Amino acid sequence: MNPADPPGDRAQRLRARPVVLEVRDLAKRFRRADGTETIALQGIAFQVHRREFVTVIGPSGCGKSTLVRILAGLEEASGGTVLVDGQPITGPGADRGMVFQGYTLFPWLTVTGNVMFGLRANGMGKDQARSEALQWIELVG
């Protein structure tokens, strides 16, 4: 995408890309020991296209972390559907990642080293991991 293009043109090209994440009517309820329920999420629906950058913002306690935990496969939804590349999320996967609110970095590693860590732990070669890490670092600045 060319930053000089009008925003409407850039948005139209983005929407033409494949949908990689789809959330349909997502709900999450928590049951307390006394039997009452807290509704954390209800009726959440959105799509994310390939290479689209999305942020979730809102006040404390509005369900941001619950949503991201469900998308990461770390928590089960009470209702609705979450698809990654058309497939339902059934648990954590190498195709998704999550940065926790209390982030964990290895202070003795560089930024590149921290980004490479998971790739190397999953068996990727050093040169390929470095190349991929540099691409992500460039993308997010």
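The values are calculated or read from the model by the stated rules, or taken from the named source; none is laboratory data. Note that the structure is predicted; figures quoted are calculated from it, not measured. Cβ placement follows ideal geometry from the backbone for every residue including glycine, while neighbour counts extend to all protein chains displayed. Side chains included, ligands, DNA and RNA excluded: accessible areas come from the protein's heavy atoms. Shrake-Rupley method; radii C 1.70, N 1.55, O 1.52, S 1.80 Å.
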Looking only at residues that are in contact (Cβ under 8 Å) with a residue 24 or more places away in the chain and of a type in the set (S, T, N, Q) in the range 45-83, which one is most open to solvent (accessible area, probe 1.4 Å)?
Gln47
Where Val56 falls short, out of the listed (1) touching a strand residue (DSSP E or B) at 6+ places or on another chain (Cβ under 9 Å); (2) of a type outside the set (Lys, Arg); (3) closer than 25 Å to Gly86 by Cβ:
(1)
Sole exception among (1) outside any helix (DSSP H, G or I); (2) surrounded by fewer than 14 Cβ atoms within 10 Å (Cβ to Cβ); (3) modelled with pLDDT under 95 for Gly118, by number:
(1)
Filter the range 47-64 for residues that are of a type in the set (Gly, Ala, Ser) and either within 21 Å of Leu14 (Cα to Cα) or at pLDDT 90 or above (or both) and give the result.
Gly63
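Condition check ((1) more than 18 Å from Gly97 (Cβ to Cβ); (2) of a type outside the set (S, T, N, Q)) across all residues:
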| site | (1), (2) |
| --- | --- |
| Arg10 | yes, yes |
| Val20 | no, yes |
| Glu37 | yes, yes |
| Val48 | no, yes |
| Glu52 | no, yes |
| Thr66 | no, no |
| Asp85 | no, yes |
For the range 113-141, enumerate the residues that are of a type outside the set (A, V, I, L, M), in contact (Cβ under 8 Å) with a residue 12 or more places away in the chain and more than 22 Å from Val54 (Cβ to Cβ).
Asn122, Arg130
Can you name the condition, by its number, that Arg24 falls short on among (1) in contact with a Lys or Arg (Cβ under 6 Å, 6 or more places away or on another chain); (2) modelled with pLDDT of 95 or more?
(1)
For Thr66, which of the numbered conditions (1) among the polar types (S, T, N, Q); (2) farther than 20 Å from Arg29 by Cβ; (3) touching a strand residue (DSSP E or B) at 6+ places or on another chain (Cβ under 8 Å) fails to hold?
(2)
Do we have Leu26 as more than 13 Å from the chain's Cα centre (by Cα), surrounded by 10 or more Cβ atoms within 10 Å (Cβ to Cβ), over 28 Å from Arg13 (Cα atoms) and of a type in the set (A, V, I, L, M) here?
no
